[in-house]
Amino acid sequence: MAADVSGIIKLDGPQPKRPPLPLTPESRKLYEGRPYPRDEVELVSAKGEIQNVFVYIYKGLPTEKTYTAPEKPALLDQQRSMFRPRIQGLFVGQDFAMRNSDPIIHNVRSLSQENRPFNIAQPAGTPDRLKQFSDKEGPIELRCDYHRWMRAFIFVMEHPFFAVTDSQGRFTIKNLPPGEYTLATWHESFGKNKQIIKVGGGGLKGVTFTYKPKQKLNFE
């Protein structure tokens, strides 16, 4: 019986400082009456909970099993000169929609290596643009050349067992069959981590990862 795996990811260190972003004049106008945004590379709560960590099953799934890509496109939206969401997972072959919700021009440039890179300009008011990725890859960094603080990351996956931590560092991977797995995490600043988990029919709760500041771990 498939079950859920949930847990939390924390930082063992002081809460990082978040400097204000160097907004261009046209981007500053999008924040009239609102606080200006700050850097989002290291979003850590006062309790040390890390947001925007990608969590996924790295090893242990049957190699012969395949999964159908969702019909609904994954969406990257450009809102007030920020990519939303900052990190997400999508399927090989799934439509990836890029939207400009701002009244100013943006572009989306992919730094992919396994998949063909692209650079798409999106003037204000233009329709969504669609792309598909044919190969597993991640993370793929996405940039806007008009507004160089804009960053996003995507993982192109071959299975649905992944999640992204929320503002309290929490994640849930749903409907994972019982078994032993390598659970991996990735954060754009703190790096990679992994651990072995055993999932029974009742699921697994309380999985914990702890990062050190600027931790860099490589694994195969």
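Worth a mention:
- Failed item in (1) in a loop (DSSP other than H, G, I, E, B); (2) under 30 Å from R109 (Cβ atoms), with G13 passing the rest: (2)
- Scanning region 60-81 for residues that are touching a residue at least 24 places away in the same chain (Cβ under 8 Å), part of a loop (DSSP other than H, G, I, E, B) and under 25 Å from L142 (Cα atoms) returns A69, P70, P73, R80, S81.
- Hey, A121 surrounded by 14 or more Cβ atoms within 10 Å (Cβ to Cβ) and either in contact with a Leu (Cβ under 8 Å, 6 or more places away or on another chain) or within 28 Å of T172 (Cβ to Cβ) (or both) or not: no
- All positions within region 176-201 that are at pLDDT 90 or above and in a loop (DSSP other than H, G, I, E, B): P177, P178, E188, S189, F190
- Lone qualifier among F91, F171, F153 - being at pLDDT 95 or above, assigned by TED's automatic domain parsing to the domain that holds K29 and either surrounded by fewer than 20 Cβ atoms within 10 Å (Cβ to Cβ) or under 30 Å from L61 (Cα atoms) (or both): F171
- Taken residue by residue, region 46-59 has no member that is among the polar types (S, T, N, Q), surrounded by 12 or more Cβ atoms within 10 Å (Cβ to Cβ), out of contact with any Phe, Trp or Tyr (no Cβ under 6 Å at 6 or more places or on another chain) and free of Cβ contacts under 8 Å to residues at least 24 places away in the same chain.
- Flag for V53 being outside the structural domain of T172 (by TED's automatic domain parsing) and more than 15 Å from M157 (Cα to Cα): no
The values are calculated or read from the model by the stated rules, or taken from the named source; none is laboratory data. Since the structure is predicted, the reported quantities are computational estimates derived from the model, not experimental observations. Counting neighbours? That spans all protein chains shown, and the Cβs are built from the backbone with ideal geometry, glycine included.
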